[in-house]
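Everything on this sheet refers to the single structure shown next.
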Amino acid sequence: MIFQPLIRGFTWQTPGRRAQRGPEKGSALAAVLAAFIFWFDAFTTDDLAVASLYVLVLLIGSSVSGPARRTAIIAWAMICVALAMLGYCIFESHGAPPLALAHLAISLTVLLVTTFLLLRNQSINSSKERSDRRFRIVFDTLAIAIWEHDFTPIVAELTRLRESGVTDIRRYVAEHPKFVVQMRRSVRITDVNATALTMMGVTSKQDFFSHLSGFLPETDDSFAECIVAIDERRALFQTEAIVLPLNGAPRQVIVAFGLGPDASLDRVPGSILDVSHRRALEIQILRTREELADSHRTSAVAAMSASIAHELNQPMSAIQSYADAASRWLTRSPPNLNEARDALAGLTLGVQHARMVMQRVRALVGESRIELCEIELEGLIATTVALMRREAAEHGARILIIPATEETLTVNGDRILLKQVLINLITNAIQAMVNTPPDRRIVTLTLDQKDDQAVVTVADAGPGWDPAEAGKVFGSFFTTKRTGMGLGLSIAKMVVDRHDGSISRRNGTGGGAIAEVTLPLIALSAIGGADGHSDGAQQRLAV
């Protein structure tokens, strides 16, 4: 095997080894080999058809990288062809056998075919290198953070679950939170761009988190839906999550990537958009709105109290006067029953007057009106939970959404007021779990349908409702909080009642409190008219 040392220098070696050998050494080796083949081909007395070995010279001589490779291929091909023909001429002058010309033709054909294949391979490699460079430039210079995920461990585990008889992956994921944690820890990060490094406070790719669990908190519940999306091989998956940079405050991000049937799940690039500032602004606006609403309610209560005090002053004075007069007439000896009867009649008129004053004051708070529109409850719940995730994370809690129906549930109502109802219920649930162990601080929102009613259930793992306060929960000014005004649940009930719905509360069988909101669904025949618009959009609701 005298050519074995030469074969080790062919072009199929790795670029790193070729770089270590260097183009000069390859050219020198090719020249020596060409001289040896030429001498053996031209001056041997036997027709051994060694000219075909010039292919080795062509392979070794063209084993250079970069733009010079094409020139080297053409140059060495011409040299090998010339040497083969010159060697045949010399061999033929010494009396070459008849088959020598056929051997020459075969050798030249092999050289030309090899040259064509090398040039074609060089063109493909050049195009691939240019494409790789363009991809790397775009990947590293995008203003949006990108990192690649290896989801193959999850695919293997989902396959195992299917083979073991699990058919409903969504329910399995919802009922096995430890499985979600295990899967999150198995996802590797294979690559990141410069924007991701900056966002996560990391200086180099070597220092970046190796696994997804490195920057996702243990209370994260967004990855559960990702597992379901991988099982369904969705074309596009998008979710919101909270990530923990190496240094700095947690960031709220939107993550999106493709999981379609044609996607390779070993390197899935995900686009990560930092929305922390936007969410913080939304939360600040929400809190400002709540504070403004509290201020308005406080002002309304103060104005109502002042109005009641002012308006009731005269009838109460009259009532007192008639009561005193009746008492005096009855204490006379003998009692003057006619005068006492007249005084009691005046007392009755005073009470009626006071009742009319109260009715007028109550009418003042029912004059504002709002417009109704069609609302998809699943979208309303999703946007509400997105706003509440940060507050939940600050209290070490998680929010879990369980859509129990595949149909779109649509109601007529005011989006802001219904969202305020959900925010109030979620906030109460989060604050009720302050003494609950962190791993059990879960707020569960379930959307279901019962007949023609949509049912939204908010459940927590707190101490539950006090049975002694059953009749007070939805009353005005009732609160169990030191700084509460006692108007939240009262206003929530008022809003739900004005939507022709109902709100109730109970304790869960396994502990915790449950609040249930029931709203009437829009009838299928009323969802759209001939022009596709709902008649309910023009209705108005008094609050």
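Brief remarks on what is shown
- Contour excess over end-to-end distance, with Cα ends at ASP191 and ASN125 and 0.36 nm allotted per residue: 21.5 nm
- Inter-probe distance in nm under a simple model that places probes 7 Å from Cα toward Cβ, at ILE285 and HIS94: 9.3
- Amide H contacts of GLY396 (H built 1.01 Å from N, under 5 Å, at least 5 apart or other chain): none
- Amide H to amide H distances under 5 Å link GLY501 with no residue, where only residues 5 or more positions off or on other chains count and H is placed in the peptide plane.
- Note: segment 395-434, Cα convex hull, 81 Å³ per residue.
- The H on the amide N of HIS211, modeled in the peptide plane, is under 5 Å from the matching H of ILE189, each at least 5 residues off or on a different chain.
- Sites ALA102 and THR71 - FRET efficiency at Förster radius 35 Å, r taken between beta-carbons, to 0.05: 0.65
- Rounded if a/c under 1.5, otherwise prolate or oblate - segment 68-124, Cα gyration tensor axes: oblate
- If you plug the beta carbon distance of LEU292 and GLN182 into 1/(1 + (r/R0)^6) with R0 = 51 Å, you get a FRET efficiency near 0.65.
Every number in this text was worked out from the coordinates using simple rules, so none of it is lab data. Here the structure is a predicted model, which is why all the values come from computation and not from measurement. Positions of Cβ are generated from backbone atoms using ideal geometry, with glycine treated the same way; all protein chains shown enter the neighbour counts.
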